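In what follows, a single structure is set out as structure tokens and then discussed.
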Amino acid sequence: SNANGTRSGQVVVFALNVTDNKWYQHGNAIKGPGYWAWFGWTVSLSADGSVFAAGTWSGSRLACAASVYEFSPIAEEWSQRGGCLGDEQFQSLVHVTLSSTGSIVLVAYPRANGMKQCWVKINFTQNN
């Protein structure tokens, strides 16, 4: 999506209604923060579908390298859980993988700054 500028990105979650066998948007769309953020470059969803992580272009300076969102069934919307994840010093598209419970997210920087190596950070969140 270019909703917030060229290649800003967007994540939209859909859920299947088993009654009519159709897909419907699940909550609000999360738009990338600005130009060239590539928000949603990679995404990962928890097993129950209540948490997702999204990776972006870490060098954009407009976005978190990765962020985690949680669905509120009361508000029927997604909101960011915790702060930004990752490190913007690396010029890399960021890959994310979320644990089945949504409490651990792996943030990887393949070929960070053009180097032939990969940086990986594991972040833990705790539900209260």
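Listed values, structure above:
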| item | result |
| --- | --- |
| Area accessible to solvent at Trp38, 1.4 Å probe radius, in Å² | 90 Å² |
| Heavy-atom accessible area ranking, 1.4 Å probe, most first, across Thr19, Thr56, Thr97 | Thr19, Thr97, Thr56 |
| Which of Ile30, Ile74, Ile104 is most accessible, then next, and so on - probe 1.4 Å | Ile74, Ile104, Ile30 |
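The values are calculated or read from the model by the stated rules, or taken from the named source; none is laboratory data. No experiment lies behind these values; they were computed from the predicted model shown. Each accessible area value is taken on the protein alone, full model and side chains, heavy atoms only, with ligands, DNA and RNA left out. Shrake-Rupley method; radii C 1.70, N 1.55, O 1.52, S 1.80 Å.
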